[in-house]
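K.L.:
This is the structure I want to talk about, given as structure tokens.
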Amino acid sequence: MAAVGDPARADLVVQGEDIDTPALKALARLAGARDIVALTRAATQAFRLSGSERRDAVAGFCLEAGFDFAFVPRDRRLERVRLVAFDMDSTLITIECIDEIADMQGIKAAVAEVTASAMRGEIDFRQSLQRRVALLAGLPIGALQRVYDERLALSPGAERMVAGFRQAGARTLLVSGGFSFFTERLKSRLGIDYALAGALETADGRLTGRVSGEIVDGAAKAAAFAPLREELRGGDGLALAIGDGANDLPMLRLADVSVAYHAKPVVRAEATHAIDHSGLDAILNLFA
């Protein structure tokens with residue numbers, strides 16, 4: 001997790017499922033914090049420790065305790081956020097949709113292995129997607145609705161996060177290397193402003209094994225994010241991006257604040273902050 005901003009003007013935000021009083025006091029002593037304030041924007045416990053100046057040992061303490069932590073500039077206020085962009089699979093939702101579609105063909109393990117390799121950045125996303133989609137040829141399109149109805153679940157805190165940023169005045173963008181069948185339903189369900197995803201080609205009520213139109217890879221995600229960032233953030237606004245896989249990195253690099261959510265190491269290494277234990281709504285607490 002990278003710290004940004006003037007170290008003298010940043011507070012420590014710590015979040016987790018169960019932060020007991022002894023652990024919180026020990027962390028405050030370790031960080032040299034002057035004040036502790038409870039934060040209430042997320043379902044998990046969260047505290048802001050102001051005046052924290054000793055950072056070296058904080059990471060090790062939080063790693064061992066299973067806490068998320070971030071050093072947050074005091075002037076990074078929630079109302080300054082103008083755009084929030086997020087990935088879909090394993091970010092906004094808990095599943096990888098293509099892996100679950102593949103399960104309808106009895107080939108989930110083979111497809112999931114390629115998915116994981118692509119998300120780690122080991123193989124090209126575009127080529128990996130074409131390989132995975134080809135394996136779905138012949139599957140009835142009704143399988144997509146079954147995946148949505150029976151297997152798709154929002155990540156913890158997803159609704160609260162989207163609502164919190166919307167209430168603060170931000171616009172929301174859902175970008176996915178997956179498929180519009182799912183993004184359009186989530187867009188309507190959560191009141192998301194913009195969405196971009198690819199489409200599965202169909203014929204005679206079945207998947208052909210090909211992608212229809214553009215493949216939404218990392219470059220396409222960044223290309224969707226960049227103009228909205230320039231249009232919406234104004235003079236002192238902030239554009240936020242959230243993702244978990246290597247194909248999210250081009251977009252995350254364009255953001256004023258980036259968050260690796262339950263992400264691969266390659267993403268955590270580059271993001272401004274990482275959320276490894278808490279839900280998506282914990283991102284709200286990264287703003288004053």
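Derivation of every value follows stated rules applied to the coordinates shown; laboratory data play no part. Remember, predicted model here, so these are calculated numbers, not experimental data. Positions of Cβ are generated from backbone atoms using ideal geometry, with glycine treated the same way; all protein chains shown enter the neighbour counts.
K.L.:
Taking H as built 1.01 Å from N, whose amide H comes closer than 5 Å to the amide H of L200, not counting residues under 5 places away?
P.N.:
S180, F181, S212
K.L.:
Okay, moving on. If you add up the charges near G237, with Lys and Arg at +1 and Asp and Glu at -1, over every other residue whose beta carbon is less than 12 angstrom from its beta carbon, what do you get?
P.N.:
+2
K.L.:
Step through the residues of region 215-221 one at a time and calculate ³J(HN,Hα) from phi using the Karplus curve (6.51 cos²θ - 1.76 cosθ + 1.60, θ = phi - 60°), rounding each to whole Hz and writing x for Gly and Pro.
P.N.:
Going residue by residue, I get 8, 8, 9, x, 5, 5, 4 Hz, with x marking Gly and Pro.
K.L.:
Please identify which residues in region 180-222 have an amide N closer than 19 Å to a label point set 7 Å out from the Cα of Q145, following the Cα→Cβ vector.
P.N.:
From region 180-222, the list is 180-189, 200-208.
K.L.:
Next question, about the same structure. Determine ³J(HN,Hα), in whole Hz, for all residues of region 259-273 in sequence, where each value follows from phi through the Karplus function 6.51 cos²θ - 1.76 cosθ + 1.60 and θ = phi - 60°; x replaces Gly and Pro.
P.N.:
Rounded to whole hertz, the list is 10, 8, 9, 6, 9, 5, x, 4, 7, 4, 5, 9, 6, 4, 9.
K.L.:
In debye to the nearest 20, how big a dipole does the chain give about its Cα centre with +1 on each Lys and Arg Cβ and -1 on each Asp and Glu Cβ?
P.N.:
That gives the chain a dipole magnitude of about 520 debye.
K.L.:
State the Cα centre-to-centre distance between region 40-104 and region 245-269 in whole Å.
P.N.:
So the two Cα centres are separated by 12 Å.
K.L.:
At 7 Å along Cα-to-Cβ for each site, give me the label-to-label distance between A134 and A168 in nm.
P.N.:
Each label point lies 7 Å from its Cα, and together they span 4.4 nm.
K.L.:
What do you get for GluC sites (Glu not before Pro) in region 80-168 restricted to DSSP loop and a cutoff of at most 14 other Cβ within 10 Å of the site's Cβ?
P.N.:
Sparse-neighbourhood loop GluC sites (Glu not before Pro): E122.
K.L.:
Which order do the peptides 175-187, 71-83, 13-25 come out in when sorted by mean C-beta neighbours inside 10 angstrom, highest first?
P.N.:
175-187, 71-83, 13-25
K.L.:
Taking 0.36 nm per residue of separation and subtracting the Cα-Cα distance, what length does fully extending E270 through R9 add?
P.N.:
Numbers: separation 261, 0.36 × 261 = 93.96 nm, distance 2.19 nm.
So the chain would gain 91.8 nm between E270 and R9.
K.L.:
Hey, what number do you get for the chain at 222 nm if only DSSP H runs of n ≥ 4 count, each worth -39500 (n - 2.57), divided across all residues, to the nearest 500?
P.N.:
-10000 deg cm²/dmol
K.L.:
Moving on. From the C-alpha coordinates alone, can you work out the Kirkwood hydrodynamic radius of the chain, in Å?
P.N.:
With all distinct Cα pairs of the chain included, I get 19.6 Å.
K.L.:
What nm distance separates the two modelled labels at A288 and A226, each placed 7 Å from Cα along Cα→Cβ?
P.N.:
3.2
K.L.:
With 10 angstrom as the radius, rank M88, M251 by how many other C-beta atoms surround their C-beta, starting from the fewest.
P.N.:
M88, M251
K.L.:
Separation between the R54 and A109 pseudo-spin-labels, each 7 Å from Cα along Cα→Cβ, expressed in nm?
P.N.:
5.1
K.L.:
Using amide H atoms built in the peptide plane, which far-off residues or other-chain residues are under 5 Å from R120 H to H?
P.N.:
Counting only residues 5 or more places away or on other chains, the set is A246.
K.L.:
Return the sequence-ordered ³J(HN,Hα) values of region 235-241 in whole Hz as given by the Karplus equation 6.51 cos²θ - 1.76 cosθ + 1.60 applied to θ = phi - 60°, using x for Gly and Pro.
P.N.:
The phi angles translate into x, 10, x, 10, 10, 10, 10 Hz.
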